[in-house]
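Working notes, structure below.
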Amino acid sequence: MKDMQSVDVLEPYTERQIQYHDGSERALLLKDEEVPFPEGKLIVSRTNLEGMITHGNYSFVEMSGYEEEELMGMPHCVLRHPDMPSAAFKDLWSTLQRQEKWHGYVKNLRKDGRYYWVYATVIPNIRHNETVSYTSVRRKPSRSKIDECIQLYAQMIQEENQT
Amino acid sequence: MKYTMTVSPDFPLDHIAGWYIFNTWLQVKLGINIHLELYDNFDLQREAIERGEIDIIYANPFDASMLIREKGFTAIVKPHARADEVVIAAAIDSSIEAIEDLNPETRLAKTNDPDVNMIGMIMLEPANLNAKNIIEEQVDTHILIAKRIFSGHADIGFFLKDSYDSLSQFVRSQLQVLVSSQIDDITHTLLIGPNAKDLQEEIQSILLNMQDLEKGQGVLDSMGIKSWDIQTQEDAEFMIDLMDTLVD
(Lines give C-alpha, C1' and ligand atoms only; values in the text may rest on other atoms or scores of the structure.)
Protein backbone atom coordinates (compact mmCIF):
# COMPACT_ATOMS: atom_id res chain seq x y z
CA MET A 1 0.00 0.00 0.00
CA LYS A 2 1.30 3.48 -0.88
CA ASP A 3 2.57 5.72 1.90
CA MET A 4 0.38 8.70 2.78
CA GLN A 5 1.43 11.78 0.82
CA SER A 6 2.17 15.21 2.27
CA VAL A 7 0.35 16.74 -0.68
CA ASP A 8 -2.89 15.19 0.71
CA VAL A 9 -2.43 16.29 4.34
CA LEU A 10 -2.38 19.86 5.55
CA GLU A 11 0.31 20.74 8.06
CA PRO A 12 0.74 20.37 10.97
CA TYR A 13 0.78 16.58 11.07
CA THR A 14 2.64 13.80 12.87
CA GLU A 15 4.52 11.08 11.03
CA ARG A 16 4.03 7.46 12.11
CA GLN A 17 4.77 4.03 10.72
CA ILE A 18 2.16 1.28 10.84
CA GLN A 19 2.72 -2.43 10.39
CA TYR A 20 -0.17 -4.56 9.10
CA HIS A 21 -1.02 -8.18 9.88
CA ASP A 22 0.90 -9.41 6.78
CA GLY A 23 4.08 -7.64 7.90
CA SER A 24 3.86 -4.85 5.31
CA GLU A 25 4.40 -1.27 6.46
CA ARG A 26 3.06 2.15 5.54
CA ALA A 27 4.10 5.69 6.46
CA LEU A 28 1.18 7.63 7.93
CA LEU A 29 0.63 11.38 8.30
CA LEU A 30 -1.74 12.02 11.19
CA LYS A 31 -3.70 15.07 12.18
CA ASP A 32 -5.30 15.48 15.59
CA GLU A 33 -8.63 16.50 14.10
CA GLU A 34 -11.90 14.58 14.18
CA VAL A 35 -14.46 14.70 11.37
CA PRO A 36 -18.00 14.33 12.75
CA PHE A 37 -20.07 11.37 11.61
CA PRO A 38 -22.69 12.54 9.08
CA GLU A 39 -26.14 12.85 10.74
CA GLY A 40 -28.72 10.23 9.80
CA LYS A 41 -26.40 8.31 7.51
CA LEU A 42 -24.94 4.84 7.42
CA ILE A 43 -21.50 4.17 6.01
CA VAL A 44 -21.67 0.95 4.00
CA SER A 45 -18.89 -1.01 2.33
CA ARG A 46 -18.25 -4.51 1.15
CA THR A 47 -15.00 -6.43 0.75
CA ASN A 48 -14.05 -9.71 -0.83
CA LEU A 49 -12.70 -12.56 1.25
CA GLU A 50 -9.19 -11.08 1.06
CA GLY A 51 -10.38 -7.81 2.58
CA MET A 52 -10.20 -5.80 -0.67
CA ILE A 53 -12.90 -3.13 -1.06
CA THR A 54 -15.47 -4.04 -3.75
CA HIS A 55 -18.32 -1.63 -2.92
CA GLY A 56 -18.81 1.55 -0.93
CA ASN A 57 -21.81 3.84 -0.67
CA TYR A 58 -21.57 7.61 -1.04
CA SER A 59 -21.00 8.16 2.70
CA PHE A 60 -18.18 5.61 2.76
CA VAL A 61 -16.36 7.36 -0.05
CA GLU A 62 -17.05 10.85 1.28
CA MET A 63 -15.87 10.08 4.83
CA SER A 64 -12.71 8.29 3.65
CA GLY A 65 -11.46 11.37 1.80
CA TYR A 66 -10.45 9.17 -1.17
CA GLU A 67 -11.97 9.08 -4.63
CA GLU A 68 -14.16 6.05 -5.30
CA GLU A 69 -11.79 4.84 -8.03
CA GLU A 70 -8.89 4.92 -5.56
CA LEU A 71 -10.76 2.87 -2.97
CA MET A 72 -12.04 0.05 -5.17
CA GLY A 73 -9.63 -2.88 -4.96
CA MET A 74 -7.69 -1.37 -2.06
CA PRO A 75 -7.28 -3.33 1.17
CA HIS A 76 -9.83 -2.17 3.75
CA CYS A 77 -6.99 -1.59 6.23
CA VAL A 78 -6.14 1.59 4.27
CA LEU A 79 -8.59 3.14 6.76
CA ARG A 80 -6.89 1.68 9.80
CA HIS A 81 -5.80 4.27 12.34
CA PRO A 82 -2.71 3.44 14.43
CA ASP A 83 -4.68 4.27 17.60
CA MET A 84 -6.66 1.04 17.00
CA PRO A 85 -5.18 -2.00 18.78
CA SER A 86 -4.32 -5.04 16.65
CA ALA A 87 -6.37 -7.21 18.98
CA ALA A 88 -9.58 -5.52 17.80
CA PHE A 89 -8.97 -6.61 14.20
CA LYS A 90 -7.84 -10.09 15.21
CA ASP A 91 -11.13 -10.43 17.06
CA LEU A 92 -13.00 -9.13 14.00
CA TRP A 93 -11.47 -11.68 11.63
CA SER A 94 -11.81 -14.63 13.96
CA THR A 95 -15.47 -13.71 14.57
CA LEU A 96 -16.16 -13.49 10.84
CA GLN A 97 -14.42 -16.78 10.18
CA ARG A 98 -16.91 -18.39 12.58
CA GLN A 99 -19.62 -16.87 10.31
CA GLU A 100 -20.73 -14.61 13.15
CA LYS A 101 -21.49 -10.89 13.38
CA TRP A 102 -18.88 -8.51 14.83
CA HIS A 103 -19.58 -5.18 16.55
CA GLY A 104 -17.11 -2.60 17.71
CA TYR A 105 -16.17 1.04 18.04
CA VAL A 106 -13.53 1.95 15.47
CA LYS A 107 -11.36 5.00 14.86
CA ASN A 108 -10.83 5.31 11.10
CA LEU A 109 -8.09 7.20 9.25
CA ARG A 110 -8.91 9.47 6.31
CA LYS A 111 -6.75 10.23 3.31
CA ASP A 112 -6.22 13.77 4.64
CA GLY A 113 -4.82 12.49 7.95
CA ARG A 114 -7.95 13.37 9.96
CA TYR A 115 -10.05 10.68 11.67
CA TYR A 116 -13.65 9.70 12.38
CA TRP A 117 -15.20 7.38 14.95
CA VAL A 118 -17.86 4.83 14.05
CA TYR A 119 -19.84 2.04 15.62
CA ALA A 120 -19.19 -0.74 13.12
CA THR A 121 -21.01 -3.97 12.46
CA VAL A 122 -19.45 -6.47 10.07
CA ILE A 123 -21.16 -9.61 8.82
CA PRO A 124 -20.16 -12.41 6.49
CA ASN A 125 -22.32 -12.52 3.35
CA ILE A 126 -23.39 -16.13 3.21
CA ARG A 127 -24.76 -17.63 -0.01
CA HIS A 128 -25.58 -21.35 -0.19
CA ASN A 129 -23.88 -21.84 3.19
CA GLU A 130 -20.60 -20.31 2.02
CA THR A 131 -19.11 -16.93 2.93
CA VAL A 132 -18.64 -15.03 -0.32
CA SER A 133 -17.80 -11.53 0.97
CA TYR A 134 -18.17 -9.24 3.99
CA THR A 135 -20.44 -6.23 4.56
CA SER A 136 -19.56 -3.50 7.02
CA VAL A 137 -22.10 -0.93 8.18
CA ARG A 138 -21.04 1.94 10.40
CA ARG A 139 -23.33 4.20 12.35
CA LYS A 140 -22.95 7.21 14.60
CA PRO A 141 -21.51 6.27 18.01
CA SER A 142 -22.25 7.98 21.30
CA ARG A 143 -19.59 10.34 22.60
CA SER A 144 -19.41 8.59 25.97
CA LYS A 145 -18.67 5.25 24.27
CA ILE A 146 -15.93 6.89 22.21
CA ASP A 147 -14.39 8.36 25.35
CA GLU A 148 -14.37 4.90 26.97
CA CYS A 149 -12.72 3.40 23.87
CA ILE A 150 -10.01 6.06 23.68
CA GLN A 151 -8.81 5.01 27.12
CA LEU A 152 -9.31 1.29 26.57
CA TYR A 153 -7.55 1.20 23.20
CA ALA A 154 -4.59 3.23 24.48
CA GLN A 155 -4.18 0.71 27.29
CA MET A 156 -4.45 -2.24 24.87
CA ILE A 157 -1.83 -0.74 22.54
CA GLN A 158 0.50 -0.19 25.48
CA GLU A 159 0.12 -3.85 26.43
CA GLU A 160 0.67 -4.95 22.82
CA ASN A 161 3.87 -2.91 22.65
CA GLN A 162 5.18 -4.53 25.83
CA THR A 163 4.80 -8.08 24.50
CA MET B 1 -55.94 -20.11 -10.66
CA LYS B 2 -56.49 -17.14 -8.41
CA TYR B 3 -53.57 -15.32 -6.82
CA THR B 4 -53.52 -13.02 -3.78
CA MET B 5 -51.57 -9.79 -3.62
CA THR B 6 -50.98 -7.69 -0.54
CA VAL B 7 -49.19 -4.48 0.39
CA SER B 8 -47.12 -3.71 3.48
CA PRO B 9 -49.51 -1.92 5.88
CA ASP B 10 -47.18 1.08 6.17
CA PHE B 11 -48.13 2.62 2.82
CA PRO B 12 -49.64 6.14 2.96
CA LEU B 13 -53.43 5.89 3.35
CA ASP B 14 -54.11 8.19 0.40
CA HIS B 15 -52.64 5.49 -1.86
CA ILE B 16 -55.19 2.77 -0.99
CA ALA B 17 -57.23 3.48 -4.11
CA GLY B 18 -54.02 3.43 -6.15
CA TRP B 19 -53.25 -0.15 -5.14
CA TYR B 20 -56.76 -1.28 -6.13
CA ILE B 21 -56.34 0.44 -9.50
CA PHE B 22 -52.92 -1.20 -9.89
CA ASN B 23 -54.39 -4.62 -9.14
CA THR B 24 -57.09 -4.16 -11.78
CA TRP B 25 -54.53 -2.91 -14.31
CA LEU B 26 -52.19 -5.84 -13.65
CA GLN B 27 -55.01 -8.40 -13.98
CA VAL B 28 -55.91 -6.99 -17.39
CA LYS B 29 -52.28 -7.07 -18.52
CA LEU B 30 -51.71 -10.63 -17.32
CA GLY B 31 -55.18 -12.00 -18.07
CA ILE B 32 -55.40 -13.69 -14.69
CA ASN B 33 -57.32 -13.25 -11.42
CA ILE B 34 -55.55 -11.49 -8.59
CA HIS B 35 -57.31 -10.68 -5.33
CA LEU B 36 -55.92 -7.66 -3.45
CA GLU B 37 -56.05 -8.19 0.31
CA LEU B 38 -55.02 -5.25 2.47
CA TYR B 39 -54.40 -5.82 6.16
CA ASP B 40 -54.89 -3.27 8.92
CA ASN B 41 -51.66 -4.16 10.65
CA PHE B 42 -48.43 -6.12 10.36
CA ASP B 43 -49.53 -8.94 12.65
CA LEU B 44 -52.58 -9.83 10.53
CA GLN B 45 -50.49 -9.73 7.37
CA ARG B 46 -47.79 -11.97 8.85
CA GLU B 47 -50.41 -14.51 9.92
CA ALA B 48 -51.66 -14.64 6.31
CA ILE B 49 -48.07 -15.10 5.11
CA GLU B 50 -47.58 -17.94 7.59
CA ARG B 51 -50.74 -19.62 6.27
CA GLY B 52 -49.24 -19.45 2.76
CA GLU B 53 -52.05 -17.23 1.48
CA ILE B 54 -49.88 -14.57 -0.18
CA ASP B 55 -48.49 -14.85 -3.73
CA ILE B 56 -47.46 -11.29 -4.55
CA ILE B 57 -46.41 -8.72 -1.95
CA TYR B 58 -45.13 -5.17 -1.88
CA ALA B 59 -43.04 -5.80 1.21
CA ASN B 60 -41.20 -3.53 3.59
CA PRO B 61 -37.48 -4.40 3.93
CA PHE B 62 -37.93 -6.12 7.28
CA ASP B 63 -40.56 -8.53 5.98
CA ALA B 64 -38.71 -8.92 2.65
CA SER B 65 -35.83 -10.37 4.61
CA MET B 66 -38.04 -13.07 6.15
CA LEU B 67 -39.97 -13.73 2.92
CA ILE B 68 -36.83 -14.24 0.81
CA ARG B 69 -34.71 -16.18 3.29
CA GLU B 70 -37.43 -18.27 4.94
CA LYS B 71 -40.41 -18.44 2.57
CA GLY B 72 -38.76 -18.74 -0.83
CA PHE B 73 -40.04 -15.44 -2.26
CA THR B 74 -38.13 -13.74 -5.10
CA ALA B 75 -37.53 -10.00 -5.45
CA ILE B 76 -38.40 -8.60 -8.90
CA VAL B 77 -38.75 -4.80 -8.76
CA LYS B 78 -38.42 -1.85 -6.38
CA PRO B 79 -39.85 1.67 -6.68
CA HIS B 80 -37.52 4.14 -8.40
CA ALA B 81 -35.64 6.53 -6.10
CA ARG B 82 -37.83 5.84 -3.11
CA ALA B 83 -35.83 4.62 -0.14
CA ASP B 84 -37.42 4.01 3.26
CA GLU B 85 -36.22 6.87 5.40
CA VAL B 86 -37.14 7.86 8.94
CA VAL B 87 -37.71 11.19 10.67
CA ILE B 88 -37.39 11.71 14.42
CA ALA B 89 -39.34 14.80 15.42
CA ALA B 90 -40.12 16.72 18.61
CA ALA B 91 -42.50 19.60 19.36
CA ILE B 92 -41.46 22.90 17.81
CA ASP B 93 -41.35 24.56 21.25
CA SER B 94 -39.45 21.70 22.88
CA SER B 95 -36.09 22.38 24.54
CA ILE B 96 -34.78 19.33 22.65
CA GLU B 97 -32.90 20.52 19.59
CA ALA B 98 -30.70 17.52 18.76
CA ILE B 99 -30.61 13.78 19.44
CA GLU B 100 -27.75 14.29 21.90
CA ASP B 101 -30.08 16.45 24.05
CA LEU B 102 -32.25 13.41 24.83
CA ASN B 103 -31.96 11.72 28.21
CA PRO B 104 -33.00 8.34 29.64
CA GLU B 105 -36.77 8.15 30.27
CA THR B 106 -37.42 10.01 27.03
CA ARG B 107 -41.02 9.32 26.00
CA LEU B 108 -41.27 7.95 22.47
CA ALA B 109 -44.41 7.61 20.33
CA LYS B 110 -44.21 5.16 17.43
CA THR B 111 -46.28 2.85 15.24
CA ASN B 112 -45.57 -0.86 14.91
CA ASP B 113 -43.71 -0.40 11.60
CA PRO B 114 -40.63 -2.61 12.09
CA ASP B 115 -38.32 -0.78 9.66
CA VAL B 116 -39.12 2.65 10.99
CA ASN B 117 -38.66 1.50 14.56
CA MET B 118 -35.36 -0.20 13.83
CA ILE B 119 -33.87 2.78 11.99
CA GLY B 120 -35.31 5.16 14.58
CA MET B 121 -33.69 3.27 17.46
CA ILE B 122 -30.34 3.32 15.63
CA MET B 123 -30.59 7.09 15.35
CA LEU B 124 -31.13 7.31 19.15
CA GLU B 125 -27.86 5.45 19.88
CA PRO B 126 -25.68 8.60 19.88
CA ALA B 127 -27.67 9.65 22.97
CA ASN B 128 -27.09 6.23 24.60
CA LEU B 129 -30.80 5.51 24.38
CA ASN B 130 -32.17 2.03 23.81
CA ALA B 131 -35.34 0.02 24.36
CA LYS B 132 -34.43 -0.44 28.03
CA ASN B 133 -34.09 3.21 29.00
CA ILE B 134 -36.85 4.94 27.06
CA ILE B 135 -40.61 4.95 27.61
CA GLU B 136 -42.37 3.74 24.47
CA GLU B 137 -45.97 4.15 23.45
CA GLN B 138 -47.35 2.45 20.35
CA VAL B 139 -50.12 4.13 18.36
CA ASP B 140 -51.83 3.16 15.10
CA THR B 141 -50.88 5.98 12.74
CA HIS B 142 -48.31 8.69 12.18
CA ILE B 143 -50.89 11.43 12.73
CA LEU B 144 -51.52 9.97 16.20
CA ILE B 145 -47.78 10.20 16.88
CA ALA B 146 -47.95 13.92 16.06
CA LYS B 147 -50.94 14.28 18.39
CA ARG B 148 -49.12 12.57 21.27
CA ILE B 149 -46.25 15.04 20.78
CA PHE B 150 -48.59 18.09 20.61
CA SER B 151 -50.42 17.02 23.75
CA GLY B 152 -47.15 16.68 25.66
CA HIS B 153 -47.58 12.93 26.18
CA ALA B 154 -44.51 12.14 24.04
CA ASP B 155 -41.17 13.94 23.74
CA ILE B 156 -40.30 12.51 20.34
CA GLY B 157 -41.85 10.38 17.61
CA PHE B 158 -40.66 8.07 14.84
CA PHE B 159 -42.17 8.78 11.40
CA LEU B 160 -41.72 7.11 8.03
CA LYS B 161 -40.39 10.07 6.03
CA ASP B 162 -43.06 9.67 3.34
CA SER B 163 -45.74 9.82 6.01
CA TYR B 164 -44.11 12.79 7.74
CA ASP B 165 -43.97 14.67 4.44
CA SER B 166 -47.66 13.92 3.83
CA LEU B 167 -48.71 15.49 7.15
CA SER B 168 -50.46 18.83 6.68
CA GLN B 169 -48.41 21.99 6.59
CA PHE B 170 -50.03 23.05 9.88
CA VAL B 171 -49.08 19.81 11.64
CA ARG B 172 -45.51 19.94 10.38
CA SER B 173 -45.21 23.58 11.48
CA GLN B 174 -45.80 22.38 15.05
CA LEU B 175 -42.93 19.89 14.85
CA GLN B 176 -39.16 20.11 14.51
CA VAL B 177 -37.06 17.44 12.83
CA LEU B 178 -34.21 16.30 15.07
CA VAL B 179 -32.74 13.96 12.50
CA SER B 180 -33.76 12.52 9.15
CA SER B 181 -32.13 9.35 7.89
CA GLN B 182 -30.35 9.25 4.53
CA ILE B 183 -29.66 5.56 4.18
CA ASP B 184 -30.69 5.15 0.52
CA ASP B 185 -30.06 1.39 0.35
CA ILE B 186 -33.21 0.22 2.19
CA THR B 187 -36.39 0.10 0.10
CA HIS B 188 -39.73 -1.64 -0.24
CA THR B 189 -39.65 -4.44 -2.80
CA LEU B 190 -42.21 -6.31 -4.88
CA LEU B 191 -41.82 -10.03 -4.23
CA ILE B 192 -43.29 -13.10 -5.90
CA GLY B 193 -44.05 -16.19 -3.83
CA PRO B 194 -43.23 -19.79 -4.78
CA ASN B 195 -46.81 -20.49 -5.96
CA ALA B 196 -46.68 -17.64 -8.47
CA LYS B 197 -43.15 -18.30 -9.70
CA ASP B 198 -44.41 -18.92 -13.26
CA LEU B 199 -45.58 -15.29 -13.40
CA GLN B 200 -42.27 -13.83 -12.25
CA GLU B 201 -40.69 -12.95 -15.61
CA GLU B 202 -43.91 -11.65 -17.14
CA ILE B 203 -44.76 -9.40 -14.18
CA GLN B 204 -41.20 -8.08 -14.02
CA SER B 205 -41.20 -7.30 -17.72
CA ILE B 206 -44.56 -5.51 -17.56
CA LEU B 207 -43.65 -3.46 -14.50
CA LEU B 208 -40.26 -2.34 -15.81
CA ASN B 209 -42.07 -0.81 -18.80
CA MET B 210 -45.18 0.21 -16.92
CA GLN B 211 -44.76 3.97 -17.42
CA ASP B 212 -44.80 3.46 -21.20
CA LEU B 213 -47.80 1.11 -21.29
CA GLU B 214 -51.40 2.23 -21.70
CA LYS B 215 -52.65 3.94 -18.50
CA GLY B 216 -49.46 2.76 -16.76
CA GLN B 217 -48.19 6.20 -15.74
CA GLY B 218 -51.56 7.19 -14.29
CA VAL B 219 -51.67 4.02 -12.20
CA LEU B 220 -48.13 4.61 -10.97
CA ASP B 221 -49.04 8.19 -10.03
CA SER B 222 -52.01 6.93 -8.01
CA MET B 223 -49.62 4.75 -5.96
CA GLY B 224 -47.12 7.57 -5.50
CA ILE B 225 -44.48 5.65 -7.47
CA LYS B 226 -42.57 7.19 -10.40
CA SER B 227 -41.54 3.92 -12.03
CA TRP B 228 -40.13 0.52 -11.12
CA ASP B 229 -36.43 -0.43 -11.12
CA ILE B 230 -35.20 -3.99 -11.44
CA GLN B 231 -34.33 -5.66 -8.14
CA THR B 232 -32.15 -8.71 -8.66
CA GLN B 233 -32.02 -11.44 -6.09
CA GLU B 234 -28.45 -10.36 -5.24
CA ASP B 235 -29.64 -6.75 -4.79
CA ALA B 236 -32.22 -8.06 -2.35
CA GLU B 237 -29.67 -10.28 -0.59
CA PHE B 238 -27.39 -7.25 -0.19
CA MET B 239 -30.24 -5.27 1.37
CA ILE B 240 -30.96 -8.16 3.72
CA ASP B 241 -27.28 -8.35 4.71
CA LEU B 242 -27.42 -4.64 5.42
CA MET B 243 -30.56 -5.11 7.53
CA ASP B 244 -28.83 -7.95 9.40
CA THR B 245 -26.06 -5.59 10.47
CA LEU B 246 -28.67 -3.31 12.02
CA VAL B 247 -30.45 -5.95 14.08
CA ASP B 248 -28.74 -7.02 17.29
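The values are calculated or read from the model by the stated rules, or taken from the named source; none is laboratory data. All figures in this text were calculated on a predicted structure; none of them were measured in a lab. Cβ atoms come from the backbone with ideal geometry, glycine included; neighbour counts cover every protein chain shown. Heads up: the accessible areas ignore ligands, DNA and RNA and are worked out on the full protein's heavy atoms, side chains in. Shrake-Rupley method; radii C 1.70, N 1.55, O 1.52, S 1.80 Å.
Numbers at a glance
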quantity	calculated
DSSP beta bridge pairing in chain B, given as percent antiparallel to the nearest 5	60
Estimated FRET transfer efficiency (B:Gln174, A:Asn48; beta-carbon r; R0 45 Å; 0.05)	0.35
Rg ratio (alpha-carbon, reference 2.2 N^0.38 Å) - segment B:86-180	0.94
Residue among A:Lys31, A:Lys140, A:Lys90 with the largest mean-square fluctuation in a Gaussian network model of chain A, springs linking Cα atoms under 10 Å	A:Lys90
Rounded to 10°, Cα long-axis angle of helix B:61-71 versus longest principal axis of chain B	50
Ranked by how many other beta carbons lie within 10 Å on average, peptides B:150-161, A:58-69 from highest	B:150-161, A:58-69
Gaussian network model of chain B, Cα within-10 Å springs - most flexible of B:Ala146, B:Ala196, B:Ala89	B:Ala196
Exposure ranking of A:Lys101, A:Lys2 by accessible area [1.4 Å probe, largest first]	A:Lys2, A:Lys101
GNM flexibility winner over chain B from B:Leu13, B:Leu108, B:Leu191 (Cα, springs under 10 Å)	B:Leu13
Area of B:Glu201 that stays accessible when all protein chains are in place (1.4 Å probe, Å², to 10)	150
Relative frequency of Cα-Cα separations exceeding 30 Å in the protein assembly as shown, percent	49
Cα-based helix-to-principal-axis angle, B:233-246 vs chain B, degrees rounded to 10	20
Partner chain coverage, peptide B:234-241 - average Cβ within 10 angstrom	3
Accessible surface ranking that places the most exposed of A:Arg139, B:Arg82 first, with a 1.4 angstrom probe	B:Arg82, A:Arg139
By accessible area with a 1.4 Å probe, ligands and nucleic acids excluded, highest first: order of A:Arg138, B:Arg51, B:Arg46	B:Arg51, B:Arg46, A:Arg138
Alpha-carbon Debye profile of chain B, log10 I(q)/I(0) at 0.13, 0.16 Å⁻¹	-0.82, -1.16
Pairwise FRET efficiency - B:Val28 versus A:Ala27, Cβ, R0 = 60 Å, nearest 0.05	0.35
Cβ-based net charge around B:Ile34, under 9 Å, with every Lys or Arg adding one and every Asp or Glu removing one	0
On Cα atoms only, tilt of B:16-30 relative to the major axis of chain B in degrees	20
Cβ-derived FRET efficiency at R0 41 Å, B:Tyr20 paired with B:Ile135, nearest 0.05	0.60
